[in-house]
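What follows is a set of notes on a single structure, which appears directly below.
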Amino acid sequence: MQCRGAMVLLLLGLTEVLSAEPPAAENLHMLSPEEHKAILNLGQKVLPRDCHEVWESSGGQAMDGIYLIQPADSRISAYCSMQDGGWTVVQHITVNSSVDFDRTWEEYKRGFGALSGNHWLGNQYLHQLTSGNVRYKLGVKLVDKDAVTKFGEYDPVLLEGEEAQYRLRLGLFQGTAGDALTQDTENYLHDNQRFTTKDRDNDNYFQNCARLEFQGVAGGGWWYDACAGANLNRRNVIYWQKDCNKEHLCKYAWMMVKPSELIKVVKVKGECGKDEL
């Protein structure tokens, strides 16, 4: 009877292990316990790839907020800007933010801050979002001290993997903001640059651009050239060429991604099973 009872307990324990839910998200460190309960699609079995998929499936009625998504193998939580059309927010900063953007390579890789406020989603997850079969675009939203909002898009966008030092690849630009990433107007070209942090120097300057200070605040991680015509991770002065600088102060900045409307990947049935554009 003792062996039988032990076997029953063993089977019950095995059942609990097999039926246990996987961790809700890899980046729970970016959520408070209250925010974890506030995830809007918590419990959903098949996760969307990004925020735009949620927005589309809701007929454009989904609310802004935090959702679980799965761009590749990683289950992560992300803030979704639904009112703007289903963008997945990858960065948000407020001038003089209490969140420190002077972080290490590993922190920029996995993300930091609070998803409902100032944060960096994580280079590894931005790579997963932009490197699949779906073509993505990058959106940049800037709000100055007078509440004037400017927006720009780069289509397409691709963030290469860690082996390529998270090199940024950008396509054509359009919008009301200036092109501060691909236009070489000030001898700083951020397109095709590798990512630099205070503990990994990949820029084209003789010093580490991420460690250079302005008014006592270091630059933070970015795709520096030598050094920057734009930097949305310098929390004392948000910098975007003529739109945001120490003479023309900006209060907020966002970086977001969503699938491009310019091109779609169509699955073709057949022996080859290849994708056609």
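A few remarks follow.
- On the beta carbon distance between K242 and A24, with R0 = 30 Å, the FRET formula returns roughly 0.10.
- Length gained on full extension, Q215 to K145, computed as 0.36 nm times the residue gap minus the Cα-Cα distance: 23.3 nm.
- Quotient of C-alpha Rg and 2.2 N^0.38 Å, computed over the range 45-103: 1.26
- Distance in nm between pseudo-label sites at Q207 and E34 (7 Å out along the Cβ direction from Cα): 4.1 nm
- Listed cross-link partners K150/K258; K109/K150; K150/K198; K141/K251; K141/K258 are compared with a 23 Å cut-off, the Cα-Cα value being larger for K109/K150; K150/K198.
- Proportion of all alpha-carbon pairs of the range 112-168 beyond 14 Å (%): 65 percent
- Evaluated at q = 0.16, 0.19, 0.21 Å⁻¹, a Debye calculation over the C-alpha positions of the range 34-171 (equal weights, vacuum) places log10 I(q)/I(0) at -0.90, -1.30, -1.54.
- Note that the range 121-205 carries a Kirkwood radius of 14.1 Å, evaluated over its alpha carbons pair by pair.
- Kirkwood Rh (inverse of mean 1/r, distinct Cα pairs), the range 142-251, angstrom: 14.3 Å
- Over the range 135-176: Rg over Rh, Cα atoms, Kirkwood Rh: 1.14
Values quoted throughout were computed directly from the atomic coordinates according to the rules given, and no laboratory measurement underlies them. Bear in mind that the values here come from a model prediction, so they are computed numbers and not experimental data. So basically every Cβ, Gly included, is an ideal-geometry build from the backbone, and we count neighbours across all protein chains shown.
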